[in-house]
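Presented below is the structure to which this report refers.
No value in this document is a laboratory result; all are computed from the given coordinates. Predicted, not measured: the structure shown is a model, and the values here were computed from it. With ideal geometry, Cβ positions are generated from the backbone for all residues, glycine too; neighbour counts draw on all protein chains shown.
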Amino acid sequence: MTTHPHRKVIIIGSGPAGLTAAVYTARASLAPLVIEGEPSSTSDQPGGQLMLTTEVENFPGFPEGVQGPELMQRMRDQAARFGAEFLTEKATKVDFSSRPHRVWVRDDEYTTDAVIVSTGALSLMLGLADETRLIGHGVSTCATCDGFFFRGQEIVVVGGGDSAIEEASFLTKFATKVTIIHRRDKFRASKIMQQRAFDNPKIAVRWNSQVTRLVGANKLESIEVTDTQTGAKETLAVGGLFVAIGHKPNTDLFKGVLDMEDTGYLVTQPGSSRTNVEGVFACGDVQDHTYRQAITAAGSGCMAAIDAERWLEHRHATAAK
Amino acid sequence: MAGNVVTLTTDNFDETIKAATTPVLVDFWAEWCGPCKHIDPVIRQIAVEKAGALTVAKLNVDDYVDIALRFNVMSIPTMIVFKNGKEVDRLVGARGKSALLGDLGKHL
């Protein structure tokens, strides 16, 4: 077991929330350690969900748009410039029951005064038999990584939110036809994204439908689609299936430690980033089931940094008395 | 030089995986793939640490899509382990260093 120098602030997670918190706490000379996560082909990776997107058009300050991974790299560079340190590992255990707070990366123990939790959200999968086996063999969690391999083919995107439509639009660069399969009769996505789907001649939509079976020996060959209203089943031949049905908060690490809703979202005190544990703050999608935007995550990351900074100052002032 | 990462092309691909005296890890990647960029430093570290026991090579699928298709690569990053020119294992998707070393352990 290795122990490391005590920290004033540890930030767990490195999406827009964690990196904004890192920029602010680093500028406040708190020398934060960012436990940024490990490489992965899901959103559970350094940089978070934006690492799997292409063009980000709604982040203020980028009138021409910016690539998701580039935006995250720039946020990371900005935090590093002011002295934030990065550990490209996943936090594996926490203990917030005594002071200082403790965070582990496998056998390595880190102690800290304040903790900022910004672990974000994980992409949901369909939960079908054979789904895991077929990932990388026709089933994909990353359109930007895998779209290239479906040139000239017909593919399916499952979902109805902005990310489903963004993926579908992106995939029309390669595929001859993209069918969006959505279980409701209308999209959750923003109007501008919906219009983009309806205007694209390569995109078709199958409403009120669910994928209920994946078929393929070595690679995906077909899917079974069930009509959610009539129950009628149909088999579609497809080479590629992209899943974009939403996210769940990445909070397994904090079960029994931090207050969370039944859905797993961390509970913060209204108008602040404070959790039920003193000195532990939460920001970004891990505590936000309403907005879930890069800019709201960044905003709440700033709140967490300021809350942590004030909490540290107050504690210091109290200790000096 | 020990620890170097071999850049694969149509001209050296077959030769590299057949002639190597160690297992060969081939990383299929592309510039536009975020997770591929994250594992690049990881496999470069492994190339140095496992020099002599493992040959590490990279193939850009944008430039050599024919080779990617020949091995049915449909997702990147995909890492294929070759021994004596034959595929013995396939790792699909990015992962951290300790996980990757764990996956490679049985081949070294």
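Observations on the structure shown:
- Aspartates and glutamates whose Cα lies under 18 Å from that of A:Lys233, excluding same-chain neighbours fewer than 8 positions away: A:Asp185, A:Glu221, A:Glu224
- Most mobile listed residue (A:Asp108, A:Asp44, A:Asp288) in chain A, GNM with C-alpha springs under 10 Å: A:Asp108
- Helix-only CD estimate at 222 nm, as mean residue ellipticity for chain B, using -39500 (n - 2.57) per DSSP H run (n ≥ 4): -10000 deg cm²/dmol
- Simple point charges give the picture: +1 on the Cβ of Lys and Arg, -1 on the Cβ of Asp and Glu, and for the protein assembly as shown a dipole about the Cα centre of about 360 debye.
- Mean residue ellipticity, 222 nm, helices only, chain A: the sum of -39500 (n - 2.57) across DSSP H runs of n ≥ 4, divided by residue count and rounded to 500, is -7500 deg cm²/dmol.
- With R₀ fixed at 30 Å, the C-beta to C-beta distance from A:Arg310 to A:Thr290 puts the FRET efficiency at about 0.75.
- Cα centroid of the stretch A:187-265 to Cα centroid of the stretch B:67-108, whole Å: 28
- Largest GNM mean-square fluctuation across A:Pro39, A:Pro16, A:Pro249, computed for chain A with C-alpha springs under 10 Å, falls on A:Pro39.
- Prolate/oblate/rounded label for the protein assembly as shown (Cα gyration tensor, a/c 1.5): oblate
- Sparsely packed loop sites in the stretch A:62-156 (the GluC sites (Glu not before Pro) outside DSSP H, G, I, E and B with at most 16 other Cβ atoms within 10 Å) comprise A:Glu64.
- Distances between placed amide hydrogens fall under 5 Å for A:Ser41 paired with B:Ala94, all partners being 5 or more residues away or on another chain.
- DSSP finds beta bridges in chain A, and of those with both partners inside it, around 45 percent are antiparallel.
- Chain B: C-alpha gyration tensor shape, a/c 1.5 cut-off, then a/b vs b/c: rounded
- Cα-based helix-to-principal-axis angle, A:162-171 vs chain A, degrees rounded to 10: 50
- Cysteines in chain A that, by Cβ-Cβ distance, have no pairing candidate under 4.7 Å: A:Cys283, A:Cys302
- Remark: relative contact order (the stretch B:5-107) = 38 percent; criterion is Cα-Cα distance under 8 angstrom and separation of 6 or more residues.
- Partner aspartates and glutamates for A:Lys173 [C-alpha distance under 13 Å; skip if fewer than 8 residues away on the same chain]: A:Asp146, A:Glu154
- In this structure, the amide hydrogen of A:Ser209, modeled 1.01 Å from its nitrogen in the peptide plane, lies closer than 5 angstrom to those of A:His182, A:Arg183, A:Arg184, A:Thr228, counting only residues at least 5 positions away or on a different chain.
- Point-to-point label distance, B:Val88-A:Phe198, nm (Cα→Cβ direction, 7 Å offset): 5.7
- Structure remark: mean-square fluctuation, Gaussian network model of chain B, C-alpha springs under 10 Å; the largest value among B:Asn60, B:Asn12, B:Asn84 belongs to B:Asn12.
- For the stretch B:48-64, Karplus couplings with θ = phi - 60° (6.51, -1.76, 1.60), whole Hz, Gly/Pro x: 6, 5, 9, 3, x, 10, 8, 9, 10, 9, 10, 10, 7, 6, 5, 7, 10
- Loop-located trypsin sites (Lys or Arg not before Pro) across the stretch A:157-217 with a Cβ neighbour count of 14 or fewer within 10 Å are A:Lys173, A:Arg184, A:Lys186, with loop assigned by DSSP.
- Compactness of the stretch A:131-243 - radius of gyration and Dmax, Cα, Å: 13.1, 39
- Cα-Cα over 32 Å, subset of A:Lys90/B:Lys58; A:Lys177/A:Lys248; A:Lys255/B:Lys97; A:Lys248/B:Lys106; A:Lys8/A:Lys191: A:Lys248/B:Lys106; A:Lys8/A:Lys191
- Under 19 Å of direct C-alpha separation, and excluding same-chain neighbours fewer than eight residues apart, B:Lys50 reaches these aspartates and glutamates: B:Asp27, B:Asp40, B:Asp89, B:Asp103.
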